[in-house]
Amino acid sequence: MKDAALLKQFVPEFTHLSISDVHARLGSAWEWTVDALSESAMRQLRADAEARGFSVEAMSVGAARPRLKLPRPGSGTVGYCVRFAPAFLEQGHILATFGPAGGAVSIARETEVPETFEVPSERARRFLEEVAALDPLGIPDGATTVIVDGLLLECLVQEDRGNHRFFACSPRPDNDPRQYGFVAALTRLAMGAARESRTGTYLERVFGRLGRRLPVKVFEETPRRIRLFGLLTSSDAAALEALFASVAPEEAVVMDLSNLDAMGTALHPLFARFHARPGRTAWWGGRTAARHLVAAGIPRDCLHGDMESARAALGSGTVPRPS
């Protein structure tokens with residue numbers, strides 16, 4: 001209502017409306033946009049908005065940007081959204097909606113057309129239970145310390161009981177458990193829906209900057225594939241050791257490091273010990289992964305540039321067994 005009152009003061013199309021009407025017009029949107037302004041009108045609108053504490057973004061006509069909007073209050077559909085600004089990555093949004101027509105999750109990035117995926121009913125139920133346990137309408141703002149390589153977040157909730165917005169910066173499960181839980185639940189839901197599309201790869205890199213849970217996926221394929229992605233640091237050592245210990249000594253596996261951003265060199269001995277087990281291991285990754293794996297002492301003939309060649313090497317038995 002405060003934002004509506006301020007917008008009414010200087011937005012021409014709102015001046016004749018009541019504050020309640022402006023509020024209803026905007027719903028729970030975090031932004032108001034207007035297209036095709038003259039330069040003088042744009043400058044005046046920007047000056048008036050910034051004088052009242054709003055942030056303004058001016059764009060050229062035809063420029064693309066991700067746009068995801070929460071459902072209107074009273075529509076019978078609930079919505080949960082996070083807008084994230086990761087260091088060294090493009091900004092994006094995740095929006096999950098659930099209503100009479102079912103569940104869906106949409107992902108938008110600055111440089112890509114938004115993608116929307118259906119959410120199966122059982123997965124939707126688990127997500128809603130996970131979020132409900134956090135009391136999302138009461139989640140406060142998180143810590144405001146800015147981390148150089150962190151993740152700035154704006155989160156929005158639209159439920160029948162009301163709507164709510166809160167902010168966080170690189171929340172951790174120990175310091176900001178509710179903020180972290182909300183964002184992590186949305187990100188996992190989106191990653192599961194997007195799978196291995198380009199959007200899914202982007203979400204993995206975002207998730208790698210969220211808290212300090214080991215960024216890993218395990219695919220029950222034949223042979224089994226273990227995917228490590230994002231950032232791996234020395235603080236992941238214990239979780240990484242537990243992951244490696246969960247693999248049977250004789251099992252053949254594909255280690256998927258194709259979306260690895262960086263790795264702490266202190267982790268190299270863990271990878272070397274894992275590779276030295278009796279079972280064959282094919283490593284799939286790009287230049288970043290190859291540089292670290294070679295430095296860890298893993299032979300180059302165990303490294304592959306795509307999943308097909310890694311699987312083929314294991315299937316044909318051409319991956320050398322550790323001596």
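The values are calculated or read from the model by the stated rules, or taken from the named source; none is laboratory data. Just so it is clear, the model here is predicted, and its values are computed rather than measured. Every residue, glycine among them, receives a Cβ derived from its backbone with ideal geometry; neighbour counts consider all protein chains shown. To get the accessible areas, we keep the full protein, side chains included, count just its heavy atoms, and leave off ligands, DNA and RNA. Shrake-Rupley method; radii C 1.70, N 1.55, O 1.52, S 1.80 Å.
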task = Enumerate the pairs (first residue in the range 3-18 and under 20 Å from ARG165 (Cβ atoms); second residue anywhere and loosely packed, with under 12 Cβ neighbours inside 10 Å) with beta-carbon separation below 7 Å, excluding pairs fewer than 6 apart on the same chain, so at least 6 apart or on different chains.
result = LYS8/THR15
query = Among the numbered criteria (1) touching a Ser or Thr at 6+ places or on another chain (Cβ under 9 Å); (2) open to solvent by less than 50 Å² (accessible area, probe 1.4 Å), which single criterion is violated by ALA295?
reply = (2)
message = Return the pair list, or none, for Cβ contacts closer than 7 Å from residues in the range 34-57 that are within 19 Å of ALA5 (Cβ to Cβ) and part of a loop (DSSP other than H, G, I, E, B) to residues that are modelled with pLDDT of 85 or more and open to solvent by less than 90 Å² (accessible area, probe 1.4 Å), at least 6 apart or on different chains.
response = ARG52/LEU6; VAL56/ARG46; VAL56/ALA49
message = I'm trying to understand the selection: among the residues of the range 253-275, which are touching a residue at least 40 places away in the same chain (Cβ under 8 Å) and open to solvent by 30 Å² or more (accessible area, probe 1.4 Å)?
response = SER258, ASP261
request  = Please work out if GLY305 is open to solvent by 60 Å² or more (accessible area, probe 1.4 Å), under 22 Å from ARG198 (Cβ atoms) and touching a strand residue (DSSP E or B) at 6+ places or on another chain (Cβ under 9 Å).
outcome  = yes
ask   = List the pairs whose first member sits in the range 163-182 and is farther than 18 Å from PHE127 by Cα, whose second member is acidic (Asp, Glu) and open to solvent by less than 50 Å² (accessible area, probe 1.4 Å), and whose Cβ atoms are under 9 Å apart, counting only residues at least 6 apart or on separate chains?
value = ARG165/GLU154; PHE166/GLU154; PHE167/GLU154; ALA168/GLU154; ALA168/ASP176; CYS169/ASP176; SER170/ASP176
inquiry  = So PHE167 passes all but one of these: (1) farther than 16 Å from CYS81 by Cβ; (2) open to solvent by 50 Å² or more (accessible area, probe 1.4 Å); (3) at pLDDT below 90. Which condition number does it fail?
reply    = (1)
ask   = Is it fair to say LEU156 is touching a residue at least 40 places away in the same chain (Cβ under 8 Å) and assigned to a loop (DSSP other than H, G, I, E, B)?
value = no
key: Residue that is farthest from GLY208 (Cα to Cα) [pool: residues in the range 226-252 that are among the acidic types (Asp, Glu) and either touching a residue at least 60 places away in the same chain (Cβ under 8 Å) or open to solvent by 20 Å² or more (accessible area, probe 1.4 Å) (or both)]   = GLU250
request  = Looking at (1) modelled with pLDDT of 90 or more; (2) surrounded by 14 or more Cβ atoms within 10 Å (Cβ to Cβ); (3) over 25 Å from the mean Cα position of the chain (by Cα), find the lone condition where VAL319 falls short.
outcome  = (1)
note = Looking across the range 159-207 at residues that are in contact with a Gly (Cβ under 6 Å, 6 or more places away or on another chain) and in a loop (DSSP other than H, G, I, E, B), the single one that is nearest to ARG109 (Cα to Cα) is SER170
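Table: residues versus (1) over 32 Å from the mean Cα position of the chain (by Cα); (2) at pLDDT 85 or above; (3) open to solvent by less than 40 Å² (accessible area, probe 1.4 Å); (4) of a type in the set (A, V, I, L, M).
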site: ARG25; (1), (2), (3), (4): no, no, no, no
site: VAL34; (1), (2), (3), (4): no, no, no, yes
site: ALA51; (1), (2), (3), (4): yes, yes, no, yes
site: THR77; (1), (2), (3), (4): no, yes, yes, no
site: CYS81; (1), (2), (3), (4): no, yes, yes, no
inquiry  = Please count how many residues of the range 99-137 are open to solvent by less than 40 Å² (accessible area, probe 1.4 Å) and either modelled with pLDDT of 95 or more or within 19 Å of the chain's Cα centre (by Cα) (or both).
reply    = 13
Failed item, numbered, when ALA185 is tested on (1) surrounded by fewer than 19 Cβ atoms within 10 Å (Cβ to Cβ); (2) under 18 Å from LEU151 (Cα atoms); (3) within 15 Å of the chain's Cα centre (by Cα) = (1)
ask   = Does the range 276-292 hold any residues that are open to solvent by less than 20 Å² (accessible area, probe 1.4 Å) and β-branched (Val, Ile, Thr), and which are they?
value = THR281
